Every structure is written in structure tokens, then in C-alpha cells.
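Okay, so here's the structure we're looking at.
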Amino acid sequence: MKTTLERHLNILDFTLASLLRRKGKNLSLLTIYLLVIFMLASLVFFVTALKREAAIILEDAPDMVVQRLVAGRQDLVPTKYAEAIASIRGVSKVRPRLWGYYYDGLNGANYTIVADDDSVTEPESAMIGSAIARSRKVTVGDLLPLISYEKVPLMLQISSILPAGSDLMAADLIVISSEDFQTLFNFPAGQATDLAVTVRNPKELTTIASKIAQLFPDSRPILKSEILRTYQAVFDWRGGMTVILLSSALISFIIFAWDKATGLSAEERKEIGILKSIGWSTPDVLLLKFWEGVVISLTAFLLGVVLAYGHVFFLSAPLFAQALKGWSVIYPSFRLSPVVDGYQLAVLFFLTVVPYTTATIIPCWRAATADPDTAMRS
Amino acid sequence: MILHPAALALLTTALLVSGLGAYSCFHGMRILGKWDLSSGSELQLELERRTYLISTVMSYILAFQLMLLFLYIYTADSLHPLFTGAMCAAGSLNANSFGYPVLILKIVNFLLSGVWLIVNHTDNKAYDYPLIRVKYELLNLLIPLLVLESILMFAYFAGIKPDIITSCCGSLFSYESGGFSGEIASLPHIPMKIAFYVSMSLTLASGLFFYLKGRSGGLFSISATVAFLVAAASLVSFICLYFYELPTHHCPFCLLQKEYGHVGYLLYATLLGGGVAGLGVGVLMPFKKLGSMARIIPPVQRRLALAAMICYLLFVLISSWKMLFSALRMG
């Protein structure tokens, strides 16, 4: 046991010395390897963090949202639907929701307007998201004028600004009373945008959804799990698409690694020749090459992952954000909370280290089985 | 659904493994056909060099296979929110008819690659390549299975449609469900426990006897293989219940999750490790008297027996510990 360990340690020691002897060549390989891992790791970290962010946000979402369709398009729901749905056994609460979008001609942004009588009790007052406050340069106590659909200005006094921590949700949000909401949008009474349904036992959700669909054939119940699934699929798909785009980089790297491993310099050839002539066997040289691969791969992998971590979680992934986040005039600036687990690292390992290793097996074997005299003579 | 980063990683690796496998298989056949140790021709020299390449390739394949097995289950597990009704890997794998065959093939291939490496290791210890034919015939059996596995895995990921309604592990591994998994779950506890402990003690006893006396290795190998199968069935039938502390939950995949301290990885690793080592002893048995092997095989077998015993002992200790200290009590 001890001798086996010693053999590995000695060969590793030799490997490190021989890698350092050829700094230039190995550094260029390492840099490219590191860049490839950095790109892929940033991507994987970013997608996972976004997925988690979506899951956290949806945790507080209602179990089910019921919309009404007219000619296949979403329409307002009469509030009397809410009473009928509330009487279905298993439903604990039905809340008609009033919300919509408001286009602000001043800065060309869209705001999300939500009516909530619990948080905004006074008429003509509003809670606004921090991005709106920044964009319109207003603060608590100021007036925020909105133009209603009747072309009458609605002056809202800002009662509070939503904390920046909730930016991902609330950057473009304006919360007003339902009375103001109806004035602003000329919204018909007795109607709601949709209904938020809470169900006591989550296992009954599908049954209740089918009951609602039966009761109101023009309704469309949407489960929270369905929304979550859509987000997951969309983010995975975007991530996968980017991996495909990056695969050309990956393939070029593999070709580069193959080339580096095949085109041994005369000096390296000589070195292997000398090693073999002083008694190293083919398995020993193969082990040497194995450790060489491990040292290069591990260094590139660890450095690449650490750099990607900084790129995504400290700098908010400037290289990928545009492609993966989407865009808007008022965009929440948010810092992703770090999530790194073994699974992501395993995926990265399989996408980078495994192809590299595979590409170098055959060239390494060729080098290791060369005849000592031809190797030394070349 | 192929565009999931993990699915891409799995498929890329499967492609590489199949490619390497096909390459080894091709050269393996050349070795089988042209091998002539008495000849000093250039061809023979080249073939002898090729054997180094093939053993290196196979050790990488085995290492990748082991990691892929767990990555596959983990990926299936992380895909479960995409399917209505699925709550863990059991449901995702059930999303189309390729999920479970791939898993079974992965396990079989892992065992076979392990056995191949054992044969290879033993063969390399001798100077005259006595097991060369066995080795490359085994390779010709293993590689097509590896390629088949990659094709089926591709079919699995290509065929995943997120709107499919699948079954949760609760209904898949329960008494009510027909099918093979349901039957394993419904095996009666007491006889299963008896079978588990009897097969394990038999394996450990025969292993100890073999280790000390160097006799009845065949018996040890057979009992180790039987113990592998019984332990796998026991895992679904009763061992997992003690981890979940729920008498109706028979899922073999939830054990891998964080909630149970990832204990599944340890359980499966010890079980697979013990299975490979136990099988390896048996595979080497017929060649014990073959020329130079007479001095090489016995120590290798003894070390394998020791490894198998340690793995199985760990498996028994972990599961028995949980059975004793779990909050679940079964009548």
C-alpha cells in the first residue's frame, strides 16, 4: 500500500517539475482551458441562480390563479365567479385580484399597477418600487401623476418606497387602492383581472381545478406548479441553447488540446525516451501523463469555477445577463444569491474535463509507447 | 428536452464513452484475430502496445460510468418538476419507456466494466498475457451494451415531453401497483429480512473462510452475487422504509436526496463495489490453474474478497443501524 502511494507521489512530483520546465506551452493550454470552464461555469451558475430566484418568488404565489377566456384571449372575471369557486369543498380562500400595466410616456417605461386595499388604505396614495422612484426622481411625500384612461390626471401621494431587497418583484410596481385602480383604468365594477385561489390540501389542487373548469367552461385555472415548471423549462432551455452556442468554443478547445498532446516537442520526446531507457515502463509513463492531465485539469477547473463565481455573484454576470435575463426600460438591478452545489460542478466536469481527458488519451498512449531509441534520436 | 445542460453533459459523455468503446472494440477484435505471442513481428508488437491503450481507455470508461450513473439519477431527479405527478427521479424515469432500461443498463455496464478491469489487472500481472482472449471476448460483450445504453439515453432525453403525466414514486413503488417494482415493494418484510441477513452472513462467512484458507471461492462469489440481488431488493422492500420513517414509501431514489443526508450514495456505492468485487472472484475462478496465473490469481482474489466483505459489511452496518435507531417500528 505504502509503496503504491509513494510511487504515485514520486511520479506526481516529477510531473509538477516537468510541467514547470515548459511553462510557456502549459500556461497557454491552461489559459484556454480556464476560459472555457469559466464561460460554462458562469452560465451554469447563472441559470441555476435564476431558477432558484424564480422558485423563491413563486413560493408566495397563490396555489391557483383562475382567468377567464373570451375568444381564446384573457378577459376580466366577474366577481360572482369568486363566490361560486369559494363554495367548492376544499377551497379555503378566493381573492379577486385587480392588476394591470400602465405605460408612462415620460420615460417610455411600463409599470405594473396592483390594487391592494390592505396595504394602501387611503385614496390617492401609493407605494412604489425603487426603480420607479429613481427613474421619476420622486421620494416619499412627493406626488406621482398618472394619466387615467379618461385623460384626467390622478395625483398619487407616495406613502412609501418598496425596499430594494424586493427589486426583482417590485422594481416597477405601484400599489394603489382598488378605488383609484378603477378610476385610473376606467375599470368596470364587479369585475377582476383574475382570481387567486388558495386550497387547503395541495393534493386536491388538480381535482379542484377540474371542478372549476367544469363549473365555468370559459375559465382557465393555472396551477402554481405549472408556472414553476414553465420557468424551469424556459431557463433550462436558455441555458442549454447557450451551451450549444458555446460548444463551438468547447470543440475548438478540444482540438487545441488534442493538437498540443499530439505534437510533442522534440525535448518532450527526448525526455520520455530517457525515462524509458533508464527503466520506466509504459504504465509508468502513462501514469505520468495521467497526473499531468489531472494537474492541468484541476488547476483550470478550480480557477475557472472561482472566477465564474465572482463573475456571476459579485458582478451579476455582465457577459450573459443580456442573453439570459431579458430586458426592459425599468429593469431591476439585483444581485443573485450564491448557489453552488455538487450537481452543477459535476455537470461542468462532464462538459469540460471529460472531453479534454478523452481527447488526450490516445496521444498520451502514443507518447508512452514510443521506443526509447527512436524517441531519443528524433 | 435535450437542451438541459445536464442532459447535454450526459449525452456528450455517453457519446465519448461509446466512441472510445467502439475504438477499443475494433482493436480488441484485431487482437483476438491476430494475437500470437510466439511471434516477434511488428504487428504483434503493435498489438501488445495496443493492450496498454485499451486498459487505459477502459479504466477511464469505468470511472466515467460510475459518475454518470449518479449524474443520470440526479438529473432525472432534478427534472421532476417538469412532469405532472412526478415527485422524484422515479417519476421522471417513468416519463417514457426508456428511462428505466437505461438505468438498468447503466448498472449492468458498471458491473461488467468492473469485472473487466479486474480481469485486466490480473492479466497485466503476468508476463505472458494468459487471459488475453477472455479479456477481449468480454470486451466485445460489454461495448455493444455501452453503445446501446448511449442510444437509449439519447432516446430517453429526446422523448421527454414536459406535459406528460407520470407516476409519483409513491404509486410506482407501492403494493397496489402491478409491475416489477410494485412486486419488489410488496415482498413480505419478515422473510425479506431473513433472506437479507442470511445471504449477507453467508457471504461474509464464506468470504472469511476463503480469505483465510483460500478455498471455496466459487461459493463465496455465488453468495456475494445473490447477496447483491437480495440487498437491492431489500433496499426497496424494507431498508428504505426505515430511512423515510414511513411504512408505505418504497422509493429507491429519494434516499439520494439531501433530506436523508445523501445516504443513498454510500449505500449504492458499497453495494456496487461489493457486487463488482464478489463477481470478480468468481470470474477469476476458472483460470486459477492456468500457467502463470496459479501464483497471481489467489492473492488478487483474496484482496477482492476482502474488499467485497468490507463493502457489504458497511452496507449491513448502515442499514442495521438505521433499522435499530429509526423512529419507525414494524410489526
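Here are some notes:
- Those residues of region A:338-361 which are out of contact with any Pro (no Cβ under 8 Å at 6 or more places or on another chain), within 7 Å of chain B (Cβ to nearest Cβ) and either in contact (Cβ under 8 Å) with a residue 40 or more places away in the chain or farther than 16 Å from B:Ala7 by Cα (or both), in sequence order: A:Pro355, A:Thr357, A:Thr358, A:Ile361
- Members of region A:211-228 found to be within 14 Å of another protein chain (Cβ to nearest Cβ) and assigned to a helix (DSSP H, G or I), listed by number: A:Lys224, A:Ser225, A:Glu226, A:Ile227, A:Leu228
- Unmet criterion (only one of (1) under 39 Å from the mean Cα position of the chain (by Cα); (2) farther than 30 Å from A:Leu69 by Cβ; (3) not in a helix (DSSP H, G or I)) for A:Gly279: (1)
- Any hit, region A:93-116, residues being out of contact with any Ser or Thr (no Cβ under 6 Å at 6 or more places or on another chain) and among the basic types (Lys, Arg): yes
- Checking each residue in region B:1-37 for being assigned to a loop (DSSP other than H, G, I, E, B) and more than 10 Å from every other protein chain (Cβ to nearest Cβ) picks out B:Trp35, B:Asp36, B:Leu37.
- For region B:57-67, the criterion of being free of Cβ contacts under 8 Å to residues at least 40 places away in the same chain, of a type outside the set (Val, Ile, Thr), more than 10 Å from chain A (Cβ to nearest Cβ) and in contact with a Phe, Trp or Tyr (Cβ under 9 Å, 6 or more places away or on another chain) is satisfied by no residue at all.
- Residue in region B:78-86 that is more than 8 Å from every other protein chain (Cβ to nearest Cβ) and without any contact (Cβ under 8 Å) to a residue 24 or more places away in the chain present: yes
- Which numbered condition A:Ala84 fails, given (1) exposed (fewer than 15 other Cβ atoms within 10 Å of the Cβ); (2) part of a strand (DSSP E or B); (3) modelled with pLDDT of 90 or more: (2)
- Residue ID - modelled with the highest pLDDT, chosen from residues in region B:131-167 that are in a helix (DSSP H, G or I) and basic (Lys, Arg): B:Lys135
- Check on B:Leu208, in contact with a Leu (Cβ under 9 Å, 6 or more places away or on another chain), part of a helix (DSSP H, G or I) and either at pLDDT 90 or above or outside the structural domain of B:His80 (by TED's automatic domain parsing) (or both): no
- Verdict on A:Leu264 being touching a residue at least 40 places away in the same chain (Cβ under 8 Å), surrounded by 16 or more Cβ atoms within 10 Å (Cβ to Cβ), within 11 Å of chain B (Cβ to nearest Cβ) and farther than 20 Å from A:Phe350 by Cβ: no
- Just so you know, in region A:149-169 the residues that are part of a strand (DSSP E or B) and touching a residue at least 24 places away in the same chain (Cβ under 8 Å) include one that is nearest to the chain's Cα centre (by Cα), and it is A:Ile161.
- Flag for A:Val175 being touching a helix residue (DSSP H, G or I) at 6+ places or on another chain (Cβ under 6 Å) and away from chain B (no Cβ under 14 Å): no
The values are calculated or read from the model by the stated rules, or taken from the named source; none is laboratory data. What you see is a predicted model; the values in this text were computed from it and never measured. Using ideal geometry, Cβ is built from the backbone for each residue, glycine included, and neighbour counts are taken over all protein chains shown.
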